[in-house]
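This report refers to the structure that appears directly beneath it.
Any read-out appearing in this document is the output of simple, stated calculations on the displayed coordinates, not a laboratory observation. Source: prediction; values computed, not measured. Cβ: placed from backbone, ideal geometry, glycine included. Neighbour counts: every protein chain shown.
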Amino acid sequence: MRWKTLIMLLVAGPLAAVSSSAETPVTARDLIEALQLEGHVEGGFFRRTYEAQGQPRIDAGQGERFAMTSIYYLLTAEGPIGHFHRNRSDIVHYFHLGDPITYTLIHPDGELQTVTMGPDPRQGHLLQLTVPGGIWKASQLTPGPLGYGLISEAVSPGFDYSDMTLGQTSQLIEAFPQHEAVIRPLSREAITER
């Protein structure tokens, strides 16, 4: 890491350090290092950045949760897919920078929805996306010049791994056979738990 980047990281915080470098383009590796991201079980990289520790906890029938949690989430050209998973809580996604990310959503009634988060609303990109709990969700990086897409997610009630179900290819196809062509490339049969 260059000394200027390190100084900016110490003075202005990690995202300011990687987003304001005019010398060379920010790379996925720069983001992983500066934001201290680690691999995520669904694919991509993440780091929890916030837990509402100063607020009363919420019990939504599955045990106490923080009122809200937040993470950074990064997809890269080397790991471009966030595989199908379903969360119990509502999640609001915020696009930060990079190439567009396409979300494929399968609603409980089988409705298929595809939306793209990205930097250009003129192209129909969303800067913010809300996915209610109970919807199957997968994400895929659109190939582009930067080779990454960075978002944040705010989850309420706060995220807990016991509230997430990883999608297994055969089970998803059994539940939604009409979407087999979409499910296969965005899911895995063997699931590795965190």
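Observations, loosely collected:
- Of 140, 113, 55, 62, all but one fail to be surrounded by fewer than 14 Cβ atoms within 10 Å (Cβ to Cβ), on the phi < 0 side of the Ramachandran plot and either assigned to a strand (DSSP E or B) or in contact with a strand residue (DSSP E or B) (Cβ under 6 Å, 6 or more places away or on another chain) (or both); the exception is 113.
- Those residues of the stretch 125-145 which are touching a helix residue (DSSP H, G or I) at 6+ places or on another chain (Cβ under 9 Å) and either hydroxyl-bearing (Ser, Thr, Tyr) or under 16 Å from residue 37 (Cβ atoms) (or both), in sequence order: 139
- Test: residue in the stretch 33-40 that is exposed (fewer than 14 other Cβ atoms within 10 Å of the Cβ) and over 12 Å from the mean Cα position of the chain (by Cα): yes
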